[in-house]
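A.B. asks: Sharing a structure, written as structure tokens. Questions coming.
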Amino acid sequence: MGGFEGHLYPGLFLFLYGLYHAGLLSRAVIRNSPVQYPPRPPWSKGRWARFRQMYYVGFLKILSSGILVVQELHSIHWQLMLLSKMYHQRTFMYRKQWQHLTLYAAFFLSGCVDVVSQNLLPKRCIVLEQGAQALSMCLLLPLMVSHMQDTEGVELRTHTLLIQALFLLTLVLMVELWAPDVLLIWMLKAFLYLVTGSWLMQIGFMLYRPVSGYQWMDDDKHDIAFATTFFCWHVAFGAFLMIWTYGCSVVWHCYLIADA
């Protein structure tokens, strides 16, 4: 996830995924239904009935992973290799790019599992979907720790804060395997997805396209300290967005749909 686009696109994916979970949680609270998996509507007849009753989140995961892979390969001009043979040595090449592709492959696998479980199996396998989602986060966490090598100053501080959010998100996803329909777990998962995604996008702006037009200084203790303040603002923004999503869901489900 090097460069501005490498932080923006994955961060946007995680942020929208968290917003999706926040919407599911709000609907479950309002309708007193299962948190993520409401009952499938009865089959109807018609030419496009099958497509209207499909779950599309898995397809969106696959599409997003494909876009991220194309963006990653385009950044290195499609010259991806694993080992170099210069000077009779075997040196690993493009280590960060291979880490990114490994992560995107995990998200792609999670999308494939969602598609198969939600649309192809006779009975939906919820544990399999949650396991694939937890696996992708378990891969993301050590990869981000490895990304902190050879970093310092503002970049080191921002990625340390990102790892804190990723660790909590991974822990919540692991707990969810044993408590799949607990509202508190779902609230924490949606909230941490929002914080992780928004902060990852913020890192891209801070390191590569600062809004002020001035680069953040690694040797300035004020810049390093203010990076932590920015992260706290993102945490507060995530909490506000959860409340806003619930308010919009109340208006939609209790007034607009009820009056329709």
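The values are calculated or read from the model by the stated rules, or taken from the named source; none is laboratory data. No experiment lies behind these values; they were computed from the predicted model shown. Because the Cβ atoms are built from the backbone with ideal geometry, glycine has one as well, and the counts that use them run over all protein chains shown. Each accessible area value is taken on the protein alone, full model and side chains, heavy atoms only, with ligands, DNA and RNA left out. Shrake-Rupley method; radii C 1.70, N 1.55, O 1.52, S 1.80 Å.
A.B. asks: Sequence neighbours fewer than 8 away in the same chain don't count; with that in mind, list the aspartates and glutamates whose C-alpha is under 17 Å from Lys221.
C.D. replies: Leaving aside aspartates and glutamates fewer than 8 places away in the same chain, those within reach of Lys221 are Glu152, Glu155.
A.B. asks: Could you identify which residue out of Arg209, Arg95, Arg27 has the top mean-square fluctuation in a GNM of the chain using Cα springs shorter than 10 Å?
C.D. replies: Arg95
A.B. asks: Under the definition of Cα pairs under 8 Å and six or more residues apart, what whole-number percent is the relative contact order of segment 146-260?
C.D. replies: 32 percent
A.B. asks: Report the label-to-label distance for Gln215 and Gln79 in nanometres (one decimal), using points 7 Å from each Cα along the Cα→Cβ vector.
C.D. replies: 2.4 nm
A.B. asks: Same structure again: Is segment 196-255 best put as rounded, prolate or oblate by its Cα gyration tensor, with a ≥ b ≥ c the root eigenvalues, rounded for a/c under 1.5, and otherwise prolate when a/b is larger than b/c, oblate when not?
C.D. replies: The shape class here is prolate.
A.B. asks: Show me the ranking of peptides 190-197, 219-226, 110-117, 147-154 by mean Cβ neighbours inside 10 Å, starting with the highest.
C.D. replies: 190-197, 110-117, 147-154, 219-226
A.B. asks: Mind checking the angle between helix 126-147 and the chain's longest principal axis? C-alpha axes, 0 to 90 degrees, to the nearest 10.
C.D. replies: For helix 126-147, the angle is close to 20 degrees.
A.B. asks: With only alpha-carbon atoms in the gyration tensor, what are the semi-axes of the equivalent ellipsoid for segment 131-260, in Å, largest first?
C.D. replies: Ellipsoid semi-axes (Å, largest first): 32, 21, 10.
A.B. asks: Tell me the angle of helix 153-176 to the major Cα principal axis of the chain, expressed in degrees between 0 and 90 and rounded to the nearest ten.
C.D. replies: Here the helix axis deviates by roughly 30 degrees.
A.B. asks: How large is the charge dipole for the chain, taken about the Cα centre, if only the Cβ atoms of Lys, Arg (+1) and Asp, Glu (-1) carry charge, to the nearest 20 debye?
C.D. replies: It works out to roughly 1220 debye.
A.B. asks: Relative to the longest principal axis of the chain, what angle (0 to 90°, nearest 10) does the C-alpha long axis of helix 183-208 take?
C.D. replies: Approximately 30 degrees, to the nearest 10.
A.B. asks: Please list 157-165, 248-256, 59-67, 233-241 highest first by mean number of surrounding beta-carbon atoms within 10 Å per residue.
C.D. replies: 157-165, 59-67, 233-241, 248-256
A.B. asks: How large is the Rg to Rh ratio of the chain when both quantities use alpha carbon positions and Rh follows Kirkwood?
C.D. replies: A ratio of 1.01.
A.B. asks: So for Tyr104, Tyr208, Tyr94, what's the accessible-area order with a 1.4 Å probe, most first?
C.D. replies: Tyr208, Tyr94, Tyr104
A.B. asks: Okay, moving on. Express the relative contact order of the chain as a whole percentage, based on alpha carbon pairs under 8 Å and six or more residues apart in sequence.
C.D. replies: Value for the chain: 31 percent.
A.B. asks: Which one, Thr160, Phe237, Val175, projects farthest toward the positive side of the charge dipole computed for the chain from Cβ point charges (K/R +1, D/E -1)?
C.D. replies: Val175
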